[in-house]
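*Asks:* Following this message is one structure expressed as structure tokens.
The values are calculated or read from the model by the stated rules, or taken from the named source; none is laboratory data. On a predicted model such as this, the values are computed, not experimentally measured, just so you know. Cβ sites come from the backbone with ideal geometry, for glycine too, and all protein chains shown count toward neighbours.
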Amino acid sequence: MKATVVRLLSLVVVLGFGFVNTAAAQFQFGVTAGLNFNRLTDISFGEVEANFDNKTGWHIGVWAEVGLGPLDLRPGVRYMDAGDLFNGLSDISDAIDDDFDVNLVEVPILLRYGFGPPLVKPYVFAGPVIRFASGADDLIEDDIKSPTMAGELGLGLEVSLGGISLYPEIAFTFGLSSFIEDEIIVGFATFSTDDSQHLNAAMLRLGIGL
């Protein structure tokens, strides 16, 4: 996992510096951290349905931002503890211990548009997110697809404080591809899903631009 994170961080740096030479580009790095409220959509296994509740987790990440006219490009990498997402999977089999956390590495590639006064500036942002599974219980880890795709929408406030900027944000990420494989293998039993399952999350976070 550490090697994957290092490669992704390197990708963010390369993307950022790749745009620095663009005329009039403004460049900065930042860090972000916050809470996420996640939910897997319900799925059916034949005649059995597994239902999942909202779960609370946390995330931390880094990003590089390039100002290009009215839009800012912000690629980043973040690590997310998504909580015990699969709590409820034991409905299909007593053999499943579903009390474990799922961890992800996410690569958001966002476009940000700000408006209003320069010192306190509201903005909106949107873009794709690539998700990589980085940890789960052995019984389910091989059944989680990786990578998967999601989309992100949100709004925030840029507050300029001398040499740094604060970015409080509210965001929503929604799964665009199925989060798990079409079959889940638990012990010696194989369960086929009747539909796709997606991971959605609401996020509250604070970013600091340097």
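*Asks:* Name the single residue that is modelled with the highest pLDDT among those in segment 88-100 being under 19 Å from Asn54 (Cβ atoms) and crowded, with 16+ Cβ neighbours inside 10 Å.
*Replies:* Once the filter is applied, the top-ranked residue is Phe100.
*Asks:* May I pose another question? Going by the structure shown, is Val12 surrounded by 13 or more Cβ atoms within 10 Å (Cβ to Cβ), modelled with pLDDT under 50, within 25 Å of Leu71 (Cβ to Cβ) and of a type in the set (A, V, I, L, M, F, W, C)?
*Replies:* Yes: the conditions hold for Val12.
*Asks:* Kindly check whether there is at least one residue in segment 52-59 that is surrounded by 13 or more Cβ atoms within 10 Å (Cβ to Cβ), over 30 Å from Leu166 (Cβ atoms) and at pLDDT below 90.
*Replies:* Yes, that holds for at least one residue.
*Asks:* Can you find, within segment 113-171, the residue that is nearest to Ala82 (Cα to Cα) among those that are surrounded by 16 or more Cβ atoms within 10 Å (Cβ to Cβ) and aromatic (Phe, Trp, Tyr)?
*Replies:* Residue satisfying both the conditions and the ranking: Phe132.
*Asks:* Moving to a separate point now. Output the qualifying pairs, or none if there are none: Cβ atoms under 6 angstrom, residues six or more apart or on different chains, first residue in segment 69-82 and buried (at least 23 other Cβ atoms within 10 Å of the Cβ), second residue assigned to a loop (DSSP other than H, G, I, E, B) and modelled with pLDDT under 95.
*Replies:* That search, which allows pairs on different chains as well, returns Ala82/Val102.
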